[in-house]
Structures are given as structure tokens and as C-alpha cells.
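Take a look at the structure set out below.
Read the figures in this text as sums done on the coordinates, not as results from a lab. Just so we're clear, the structure is a prediction, and the values are computed from it rather than from any experiment. Every residue, glycine as well, gets a Cβ built from its backbone with ideal geometry; the counts of neighbours run over all protein chains shown.
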Amino acid sequence: MRDVAYIALGSNIGDRDAHLAMARAAIAALPESRVIAESSIEETAPIGPVEQPSFLNQMIAVETTLEPRALLERLHAIEAAAGRVRAERWGPRTLDLDIVCFDQQTVSEPSLHVPHPEISARDFWQRELAELRGSMR
């Protein structure tokens, strides 16, 4: 099924701009997928109890036929290529890629929930989604 996935990109370690650019390029190169819109990049305060630097965040819309689980696995591979280490929940990271939602699909599995359970708690995601959806009309 062809659908649009909204993917959040975030980075707060190292060259944050370069990490986001690498992620955009890697996602654009995924099979059966194409980036159809990009939100503005914004700086946000970190979420959670861990002291850490601010994030650069962005969201992209990707038209894809990849199933949600397959897309998530590829996003995790992109994170790993950027040096992401999953050591501490809510900790600092070179790259964080989250499937925020799809236009037509929902998922409820132990390690994958679409829409993302934190979507309503992240005002920057709301702004970025609105920007993307407004640009795709």
C-alpha cells in the first residue's frame, strides 16, 4: 500500500545540521520511497530528566510502500550509521528518527506505535505536521 509517513528527525550531539542532512539523504534513498515535503528546522529544549544540549528538530513527509515495521528497521539502521548509541532513555543522541504517523495506517505493537504515543505532548511535532500538511495541499 502506498502511504505517507511523517518522520521526525532530531539531533543534539556533534554537528547537528550534518546529522539531519545525512538522515534526509538516507531516507530519500530508501527503496520504494520518496521525500515529498520537509518542514523547517527548529531548535528545541530536550525532553526528559537528563541534562543535555538543545536539539535541532525537523519533520519530513515520505511517500512509501514500506510497511511500518520495515520502515522503522531502516530508520534504526540510519541512526546507527550516524553513531547513535541507545544507552540511556531520553539521553543525548547524534540522531533520533521517529515515525510520528502515517496518513492511512495505525500500528499497535510492543515496540512500535503509530501514531507515536508522544505526538500530543510535543508541540514542535504539531507545528511541523501542520507545516508539512499545509505545504502538500
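Computed quantities for the displayed model
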quantity: Environment charge at SER11 (Cβ cut-off 14 Å; Lys +1, Arg +1, Asp -1, Glu -1); calculated: -3
quantity: Most fluctuating residue given options PRO110, PRO49, PRO68, as computed from a GNM of the chain linking Cα atoms under 10 Å; calculated: PRO110
quantity: Crossing angle, helix 68-81 versus the chain [Cα axis fit, 0-90 degrees, rounded to tens]; calculated: 40 degrees
quantity: Degrees between helix 123-135 axis and first principal axis of the chain (Cα, 0 to 90, nearest 10); calculated: 30 degrees
quantity: Whole-angstrom gap from the range 93-137 to the range 1-76, using each part's C-alpha centre; calculated: 10 Å
quantity: Degrees between helix 16-28 axis and first principal axis of the chain (Cα, 0 to 90, nearest 10); calculated: 20 degrees
quantity: Trypsin sites (Lys or Arg not before Pro) lying in DSSP loop within the range 54-88, provided at most 11 other Cβ fall within 10 Å; calculated: ARG86
